[in-house]
Amino acid sequence: MEPSKELNSKFSSAAPHAPERGDLTFPKSGQITFRKLRGGILVGLGYLLSPLCWWNDLVFNLPVAWGIGYLFGLISPNYFVPGAIAGYWLSNLVGILLMQFGAVDVFQNPVSDRNLTKELLMGVATSTAYTLFILVLCHFKVIDLSTFLPSEQLFSIGNS
């Protein structure tokens, strides 16, 4: 046998066979488009709330945090700052989770299994780490909150 025919027969027997035209099953294109569109919208909204967007704190997260802090402050003025911290953490958490769920819709196969618990835990861990980082920056006066909050509402972890 010629060397080229021998080589071709080795590769053709080792290579997986292409599926026949009738063997392929594709999801309907409308389902793919809607799923990817929904995922893209979730990623966009999540990006606006997440810590990845450099200007989002001023436009989205701080007003949300202030609003939640205000609602907590109606119960007691001492609850304003903890409520604002919780609101800031929640807005970042929602942003990260929206980005994760949207990215799964856009990039992952619809047939593959999702681990919702793992996705939620990763979102909570990421958002908590970011919020703690911002609190440390506020504590060491890298971020000055005195222009946003009256002095009686500012808290200091080290001064108590």
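No lab work stands behind these numbers, since they all come straight from the coordinates. In this text the structure is predicted, and so the values were computed from the model without any measurement. So basically every Cβ, Gly included, is an ideal-geometry build from the backbone, and we count neighbours across all protein chains shown.
Assorted remarks:
- Here the Kirkwood formula puts the hydrodynamic radius of the stretch 30-139 at 14.9 Å, using every distinct Cα pair.
- Estimated FRET transfer efficiency when R0 is 22 angstrom, pair S146-N78 (beta carbons, to 0.05): 0.75
- Multiplying the residue separation of V136 and V106 by 0.36 nm and removing their Cα-Cα distance gives an extension gain of 7.3 nm.
- If R0 is taken as 35 Å, the Cβ-Cβ distance between T128 and I41 corresponds to a FRET efficiency of 0.85.
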